[in-house]
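The values are calculated or read from the model by the stated rules, or taken from the named source; none is laboratory data. Small disclaimer: the values here were computed from a predicted structure and weren't measured. Cβ atoms come from the backbone with ideal geometry, glycine included; neighbour counts cover every protein chain shown.
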Amino acid sequence: MSAIRLLVLGAVRQHGRAHGYQVRNDLEYWGAHEWSNAKPGSIYHALKQMAKQGLLVAHEIAPSTAGGPPRTEYEITEKGTEEYLGLLRQYLTAYDQRPDVLTAALGFMVDLSREEALELLQARVRSIGEWRKAVTEYYTPADGPGRLGHIGEIMNFWLHSADTGAQWTRDLIERIRGGAYTFAGEGDPFVGVLAEGQDNPYATGERHPGDSR
């Protein structure tokens, strides 16, 4: 699983229409370049590929009066929205050792209803339990990592991560049940993207030649 498709689709969807630099700016604002594969090259590649796949539609926009090449703005399609919601549901539920897909899903979970988010997070707890059970067929904490040599420390780490991940998820479920956050259909959502021209304190590099000036 890769977080980049969900991140890019989610950013475009929140803007309505967005050019590549806006998407990159948002992902850097969220810190995604630190915890996922959302680097500048992969962001622009994902935009172009998903436009070819019909998940996004590309709009050629005239260049600014300052000159330069025209920029491309992207808009999510109905097929893209289906893909986005499908990935969001999958990533909230699935469990593996890479945190990027869960982190991406958490950033967009309020696009679902509160009830569905709770159901998916409860399914996540079950997935963690099933994954943990599969690991303990080969290793249990009572054995101690030494039985498998230093390699046993890997499974020891896995089980510890699963246990803390399950407890964190249960705590999140309780916060959501208690009324935390604004989910779909409940009112004005939290705005987590940067407005056009808004400074990004976490920007890491120069703009792409085809982006907005």
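Taking the criterion of being touching a Phe, Trp or Tyr at 6+ places or on another chain (Cβ under 9 Å), modelled with pLDDT under 80, surrounded by 11 or more Cβ atoms within 10 Å (Cβ to Cβ) and not small (G, A, S), would at least one residue in the range 173-189 satisfy it? Can you show your working first?
Step one: list which residues in the range 173-189 are touching a Phe, Trp or Tyr at 6+ places or on another chain (Cβ under 9 Å), which gives 175-176, 181-182, 189.
From what's left, modelled with pLDDT under 80: 189.
The next check asks that each one be surrounded by 11 or more Cβ atoms within 10 Å (Cβ to Cβ); those that pass are 189.
If we keep only those that are not small (G, A, S) too, we end up with 189.
Scanning the range 173-189 turns up at least one residue that is touching a Phe, Trp or Tyr at 6+ places or on another chain (Cβ under 9 Å), modelled with pLDDT under 80, surrounded by 11 or more Cβ atoms within 10 Å (Cβ to Cβ) and not small (G, A, S).
Of everything in the range 15-38 that's surrounded by fewer than 17 Cβ atoms within 10 Å (Cβ to Cβ) and under 16 Å from the mean Cα position of the chain (by Cα), which residue is modelled with the highest pLDDT? Let's see the steps before the verdict.
Going residue by residue through the range 15-38, those that are surrounded by fewer than 17 Cβ atoms within 10 Å (Cβ to Cβ) are 16-17, 31, 34-35, 37.
Adding the requirement that they be under 16 Å from the mean Cα position of the chain (by Cα) leaves 31, 34-35, 37.
On the way: G31: 83, E34: 79, W35: 80, N37: 78.
Step by step, filter the range 15-38, then rank; the result is G31.
Condition first: over 30 Å from V193 (Cα atoms), buried (at least 17 other Cβ atoms within 10 Å of the Cβ), among the β-branched types (V, I, T) and within 21 Å of the chain's Cα centre (by Cα). Can you find one or more residues in the range 106-124 that meet it? Walk me through it before giving the result.
First pass over the range 106-124, keeping only residues over 30 Å from V193 (Cα atoms): none.
Looking for residues that are over 30 Å from V193 (Cα atoms), buried (at least 17 other Cβ atoms within 10 Å of the Cβ), among the β-branched types (V, I, T) and within 21 Å of the chain's Cα centre (by Cα), one finds none in the range 106-124, hence no.
Looking at the range 1-52 only, could you name the residues that are in contact (Cβ under 8 Å) with a residue 24 or more places away in the chain, of a type in the set (D, E) and more than 16 Å from E75 (Cα to Cα)? Before the answer, list the steps.
Step one: list which residues in the range 1-52 are in contact (Cβ under 8 Å) with a residue 24 or more places away in the chain, which gives 1-26, 28-33, 35-38, 40, 42-44, 46-47, 50.
With the extra rule that they be of a type in the set (D, E), the set shrinks to 26, 28.
Matches in the range 1-52: E28 only.
Pull up the range 1-31, narrow it to residues that are aliphatic (A, V, I, L, M), assigned to a helix (DSSP H, G or I) and touching an Asp or Glu at 6+ places or on another chain (Cβ under 8 Å), then point me to the one that is nearest to P70 (Cα to Cα).
Quick first cut of the range 1-31, residues aliphatic (A, V, I, L, M) only: 1, 3-4, 6-9, 11-12, 18, 23, 27.
Applying the additional criterion that residues be assigned to a helix (DSSP H, G or I) yields 4, 6-9, 11-12, 23, 27.
Checking the rest, the ones that are also touching an Asp or Glu at 6+ places or on another chain (Cβ under 8 Å) come to 9, 11-12.
Details: L9: 22, A11: 21, V12: 19 Å.
Top of the filtered list is V12.
Consider D199 carefully, then state whether it is out of contact with any helix residue (DSSP H, G or I) (no Cβ under 9 Å at 6 or more places or on another chain), exposed (fewer than 12 other Cβ atoms within 10 Å of the Cβ) and at pLDDT below 85.
Numbers: out of contact with any helix residue (DSSP H, G or I) (no Cβ under 9 Å at 6 or more places or on another chain): yes; exposed (fewer than 12 other Cβ atoms within 10 Å of the Cβ): yes; at pLDDT below 85: yes.
So D199 fits the description; yes.
Has the range 94-116 got at least one residue that is of a type in the set (K, R), over 28 Å from A11 (Cα atoms) and modelled with pLDDT under 90?
To start, the set of residues in the range 94-116 that are of a type in the set (K, R) comprises 98, 114.
Subsequent filtering for residues that are over 28 Å from A11 (Cα atoms) retains none.
Among the residues of the range 94-116, not one is of a type in the set (K, R), over 28 Å from A11 (Cα atoms) and modelled with pLDDT under 90, which makes the answer no.
Tell me whether the range 86-101 contains one or more residues that are closer than 18 Å to A32 by Cα, touching a Leu at 6+ places or on another chain (Cβ under 9 Å) and among the β-branched types (V, I, T).
Yes, some residue in the range 86-101 is closer than 18 Å to A32 by Cα, touching a Leu at 6+ places or on another chain (Cβ under 9 Å) and among the β-branched types (V, I, T).
Quick one: which of R132, R98, R170 is on the phi < 0 side of the Ramachandran plot, surrounded by fewer than 18 Cβ atoms within 10 Å (Cβ to Cβ), in a loop (DSSP other than H, G, I, E, B) and among the basic types (K, R)?
Numbers: R132 fails: in a loop (DSSP other than H, G, I, E, B); R170 fails: in a loop (DSSP other than H, G, I, E, B).
Result of the check over R132, R98, R170: R98.
Mind telling me which of the residues L47, L85 ends up being within 30 Å of S127 (Cα to Cα) and either in contact with a strand residue (DSSP E or B) (Cβ under 7 Å, 6 or more places away or on another chain) or of a type outside the set (S, T, N, Q) (or both)?
Working: L47 fails: within 30 Å of S127 (Cα to Cα).
L85 is the lone residue from the list that is within 30 Å of S127 (Cα to Cα) and either in contact with a strand residue (DSSP E or B) (Cβ under 7 Å, 6 or more places away or on another chain) or of a type outside the set (S, T, N, Q) (or both).
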